[in-house]
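Written below as structure tokens is the structure these notes are about.
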Amino acid sequence: MSGRPAIPEPAHRRARGALAALHHMRPRSWPVVAGHLLAGAAAAASPEILLERAPWILAAAVFWSVGLNGGTLALNSAVDRDEGDVGYLDAPPPVPRGLAVFGVSIMVAALALSYMAARAGYVGELFPLLLGGSLILSILYSVPPIRLKARAGYDMAVNCAGYGGITFLAGAAATTQPLDVAVLWAGTGFAFLFASVYPLTQIYQMEEDARQGVRTLAVRLGRRGSLLLATVAAASALTCLALGIMARHPQTPLWAVLPLVLPVTLWMRVLLPHLVSGGMACDKKTMYAGLRAWAVTDLVAALALMPGLMSAVA
């Protein structure tokens, strides 16, 4: 008999019912998703418009991060029934009865609210269309028999489109401003950038995924292949962001892209050491380092793309 003290079970691991459902919505992810949507809003609208429409832009961020994203994660938990750590939730509690229905219901509620807001002119008409398309992608991603999550390549494509590109464009649509070339380049860049984050969310779960027979992209590519993909995707993403910033500031394109030096440096620090070492030390901490680099990239892109801001500073 071991003399070591027993490790106490996390309090949330004992959660049941509604509290367990809330944990499976992974509230720690909500600020990340909301921040990315707000970056899209800042990239599309001037400071004056952002202040004028702030309540409804913030409401759109709640619809998207809590309703769509939280519902998606709850649905995903209901299908996967993971017992090990997952993104934004360590030692998940047992899946409560009806979690899948609950997840879909709050996604539909978010869609209905966004549709009403668009009809009233509070958000752009494109916003509920983007949310509805993402809702469909969420179901196709998680639910058998299609379950794109278990199909290598498709899993990453859905996340790049949904979390990376569409969320950013939804933020721009929430402002009621048109999606111009600069915003479209940036949205494309963030779709590529999620191809850098996504392998990091899977590498530390490779063993459990393989044991469950889930052939994710990371399982197929292995650690080094996944990190190589992430590095190439980051380079492509930052190139697209640079093109978007230059489109926003055609008079001073080279000066305008200088703020990208910071995210470039951060992504190199996250990815290159693991790529060189073969990725054996790539764990959940690496994923969170990638998410911090993502947040900085969001902030830099928002400030560099915001109409009128850079000109005022210059």
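Computed quantities for the displayed model
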| read-out | value |
| --- | --- |
| All positions within region 87-140 that are closer than 15 Å to THR167 by Cβ and touching a residue at least 60 places away in the same chain (Cβ under 8 Å) | VAL123, PHE127, LEU131, SER134, LEU135, SER138 |
| The listed residue being surrounded by 20 or more Cβ atoms within 10 Å (Cβ to Cβ) and assigned to a loop (DSSP other than H, G, I, E, B), out of THR176, THR188 | THR176 |
| Among the residues listed as ARG292, ARG224, ARG269, the single one being part of a helix (DSSP H, G or I), in contact with a Gly (Cβ under 6 Å, 6 or more places away or on another chain) and surrounded by fewer than 19 Cβ atoms within 10 Å (Cβ to Cβ) | ARG224 |
| Criterion violated by TYR141 - all others in (1) at pLDDT below 95; (2) closer than 17 Å to ALA39 by Cα; (3) in a helix (DSSP H, G or I); (4) more than 13 Å from the chain's Cα centre (by Cα) satisfied | (2) |
| For ALA59: the one exception among (1) assigned to a loop (DSSP other than H, G, I, E, B); (2) under 25 Å from TYR115 (Cβ atoms) | (1) |
| Residue satisfying all of: in region 234-258; touching a residue at least 24 places away in the same chain (Cβ under 8 Å) and over 22 Å from the mean Cα position of the chain (by Cα); surrounded by the most Cβ atoms within 10 Å (Cβ to Cβ) among these | ARG248 |
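Quick grid of which residues meet (1) surrounded by 20 or more Cβ atoms within 10 Å (Cβ to Cβ); (2) part of a helix (DSSP H, G or I):
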| site | (1), (2) |
| --- | --- |
| SER77 | yes, yes |
| ASP82 | no, no |
| VAL108 | no, yes |
| ALA112 | no, yes |
| ALA118 | yes, yes |
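The values are calculated or read from the model by the stated rules, or taken from the named source; none is laboratory data. Just so you know, these numbers come straight off a predicted model, no measurement behind them. Virtual Cβ from ideal backbone geometry, glycine too; neighbours counted across all protein chains shown.
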